[in-house]
Structures are given as C-alpha cells and as structure tokens.
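J.: Supplied in structure tokens, the structure appears directly below.
Any read-out appearing in this document is the output of simple, stated calculations on the displayed coordinates, not a laboratory observation. Remember, predicted model here, so these are calculated numbers, not experimental data. All Cβ positions, glycine included, derive from the backbone under ideal geometry; neighbour counts span all protein chains shown.
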Amino acid sequence: MTEAKYIWMDGKFVDWHEAKVHVLSHTLHYGNGAIEGTKAYKTHDGRCAIFKLEEHTKRLLNSSKMTLIDVPFTAEELNDAQVELLQKNELFEGAYIRPLVYLGYGVMGLYHKDAPAQVSISAWEWGAYLGEEGMKKGVRVKISSMTRTPNTSGMGKAKAVANYLNSQMAKFEAVEAGYDEALLRDDQGYIAEASGACFFIVRDGVIITPPNDNSLESITQATVIDIAKDMGYEVVRRRITREEIYIADEAFFTGTAVEVTPIREVDCRVIGAGERGPVTEALQKAYFDVVQGKNEKYVKYLTYVN
Ligand code: PMP
C-alpha cells in the first residue's frame, strides 16, 4: 500500500499517521461495521474519475442499515468527502477508496444502540489485486472448505466488516495451499462468490453468473453484465455447481479490486485452454474502456475529481 497524506475522519482531514481509534472501539471487539471498496481511474482525457461513486455510497448506507448502524452523514456528504479526499491527496493517477462505517468508543456490551457511529474514508494507490500476471494469464483457484455464511446466519447482502472473517479464512486457506483465490459455495453447495469478488463462467459462448441469493450485490458484476449484453453476448443468471466449472470454456472474477480477472485453473482442472479466454479478454478490455471514460454510454457513472 502506498501511503497518502490525509484520511477523512468524521468530517475532518487527518494526517495519515494520526488517523487513530481507541482500543475499546466497539467494532474492534465485536466486528459490526460496514465498508466500501470504490475505485478511481485516470481517464482517457487525463482527468481522474471515481467509477459508480453513488452506487457504492448507497450500498455503504444500505449495509449500515442492515447491520443496524445509523450513519451520521448523508450520501451527498460522503460523496463530496471522497472527491475532496482524492483532491487533497492529489491522487489523480487513480486510487482505491475505502470508506468505513464503524462503532467507536463508549459502549462495551453487545447491545450497540448507544455506541457512536463513526466514518472514515481512506484512499491510496493500489495495483492489480491478484497481480499483473494474473490479469494477463489467469489465476489459480481453489473451492474453499468454508461455506459462504448463509443468509440465515449473517447479513450476506451487506458489505459488512463481520462478513470478512468468512472471506479471510477462505483466502488464507487457498493461498497457503498454493492458489491465488478461494471460491466459496453456499449452504446448498452452489457457487456463491469468491472471498472478495463475483464469479462467471463461459460455456458455448453463453456467459453465466450466479444470482445474488448468497452473495454481495456486486456493482462490477452488474456493470460486466451490462457490457456483455451491449456486446451481444447472452448472459444467464443461474446457479452453478462445482463440476460445471471444471468443464467451462472460460471462467473469470469480477469486482472493484479484481476488475475482470481471468481464471486458468480450478482445483487442479485446467479451465479451457488454461489461459485468459477470448470472451474474458474482450470483457476485460471493455471494462477498462468503461472505467476510463472511453465508452460514452457509461460516462454518466464517472465522477470527475479534477
Ligand atoms: N463479493 C465480495 C465478498 C466482495 O468483497 C466484493 C468486493 N466488494 C465483491 C463480491 C464484488 O463487489 P463489487 O463488484 O461491488 O466490488
């Protein structure tokens, strides 16, 4: 991570190294909080723009509502703060933005109604999440021994801090076993999502991705579906089982951080030709065109910061 100069904390810009919380902050102990992961790109005309800022902020507020936290800022205030944060940090080459809603210091019992709801927004330069080579050649994936926390036990549609224990356990297991990423199944055995991304396969030219029954409502997944339809592909949303993946022609992840990342291997089975497939490559290129402002239809999703 490349450090920036300032972090936004509850309305103020604080020096990066002074952005601290009390050790008795409620979220540190019990894990109730909400995050976003938003990305800004340098666009084709040299300016920098945040992609789908409003959608991300709305999801942050929705996640907080689901997890019973009253955010003391409006969507507009949070959007403005993110734009200002990039400006103050002069992050015009692109950045990853991490808003965090958390419960601060004041209450130690589990009943959190009176714990102060606080917000921080950080931003920094962050390269390809699964590596530059992975973007070109594809990554290796393991189906996790962890089940994606079912809707009966968690707030699956929230980008809740607590959900990332499940993700972290799966990711650690996969990386230690020599893979790049984990793919989690739901409690019925169908593919839910990766530790921090959504999942697609391509079979006979048809693009297939699971519904969000047991996953985050992903902003990138929605964008890629729209782009794929624009390009004339048939896109089907249905459940996927693990063995169907093994015989897919192509597979890839989507997410704000992973963007469109090809998958070349799952559980020791080579997917397709074992490299970035042609549909994946076309979607990857189209996605970068969209976030870099090269596709007129999607320019409305860009919030320019300079
Ligand atoms: N699922 C999980 C668990 C994630 O953390 C992410 C990343 N935010 C995604 C899916 C993809 O969501 P998005 O496209 O909105 O970044």
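J.: Limiting things to C-alpha atoms, what are the Rg and the maximum Cα-Cα separation (Dmax) for the chain, in angstroms?
T.: Answer for the chain, Rg first and Dmax second: 19.3, 57 Å.
J.: Under the Karplus relation 6.51 cos²θ - 1.76 cosθ + 1.60, θ = phi - 60°, what is the ordered set of whole-Hz ³J(HN,Hα) values for segment 225-236, x standing for Gly and Pro?
T.: 4, 4, 4, 4, 5, 4, 7, x, 6, 7, 10, 10
J.: Cut-off 10 angstrom, C-alpha nodes, Gaussian network model of the chain. Which of Glu243, Glu259, Glu55 fluctuates the most?
T.: Greatest mean-square fluctuation among the candidates belongs to Glu243.
J.: For segment 132-291, what D do you get in µm² per second when you plug the Kirkwood radius from alpha-carbon pairs into Stokes-Einstein at 10 °C and 1.306 mPa s?
T.: 103
J.: Something else now. Quick one: if the Förster radius is 30 Å, what FRET efficiency do Arg237 and Ser145 give, using the C-beta to C-beta distance and rounding to 0.05?
T.: E between Arg237 and Ser145, to the nearest 0.05, is 0.70.
J.: Step by step: find N for segment 96-176, compute 2.2 N^0.38 Å, then divide the Cα radius of gyration by it. What's the final number? Walk me through the numbers on the way to the answer.
T.: Working: Rg = 16.9 Å, N = 81, 2.2 N^0.38 = 11.7 Å.
In units of the globular-protein estimate, segment 96-176 measures up at 1.44.
J.: Quick one: of Lys12/Lys171; Lys5/Lys142; Lys88/Lys300; Lys171/Lys297; Lys12/Lys300; Lys65/Lys285, which pairs are farther than 31 Å apart, Cα to Cα? If you can, show how the numbers build up before the last one.
T.: Numbers: Lys12/Lys171 34 Å; Lys5/Lys142 38 Å; Lys88/Lys300 24 Å; Lys171/Lys297 35 Å; Lys12/Lys300 29 Å; Lys65/Lys285 35 Å.
Lys12/Lys171; Lys5/Lys142; Lys171/Lys297; Lys65/Lys285, as the Cα separations exceed 31 Å there.
J.: Only Cα pairs within less than 10 Å get springs; with that Gaussian network setup on the chain, which residue of Asn62, Asn151, Asn163 has the largest fluctuation?
T.: In this elastic network of the chain, the residue with the biggest mean-square fluctuation among Asn62, Asn151, Asn163 is Asn151.
J.: What are the radius of gyration and Dmax of segment 6-124, computed over its Cα atoms and given in Å?
T.: 14.7, 52
J.: Helix-only mean residue ellipticity at 222 nm, the chain, DSSP H runs n ≥ 4 weighted -39,500 (n - 2.57), per residue, nearest 500. What is it?
T.: -8000 deg cm²/dmol
J.: With a bin width of 5 angstrom, please list the P(r) values of segment 227-288 as percents of all Cα-Cα pairs, from the 0 bin to the one holding the largest distance.
T.: Each 5 Å bin holds this share of Cα pairs: 4, 17, 26, 26, 21, 6, 1.
J.: Only counting other Cβ atoms within 10 Å, I'd like Lys159, Lys5, Lys42, Lys171 sorted with the fewest neighbours first. If you can, show how the numbers build up before the last one.
T.: Values: Lys159 25, Lys5 13, Lys42 18, Lys171 21.
Neighbour counts put them in this order, fewest first: Lys5, Lys42, Lys171, Lys159.
J.: Follow-up question, since we're still on this one. Say the dipole of the chain comes from +1 at the beta carbon of Lys and Arg and -1 at that of Asp and Glu; which of Met66, Gly272, Gly46 then lies farthest toward its positive end?
T.: The listed residue farthest towards the positive side: Met66.
J.: Take every Cα pair under 8 Å in the chain that's 6+ residues apart, average their separations, divide by the length, and report that relative contact order as a whole percent.
T.: Details: 654 pairs, mean separation 62.2, N = 306.
Value for the chain: 20 percent.
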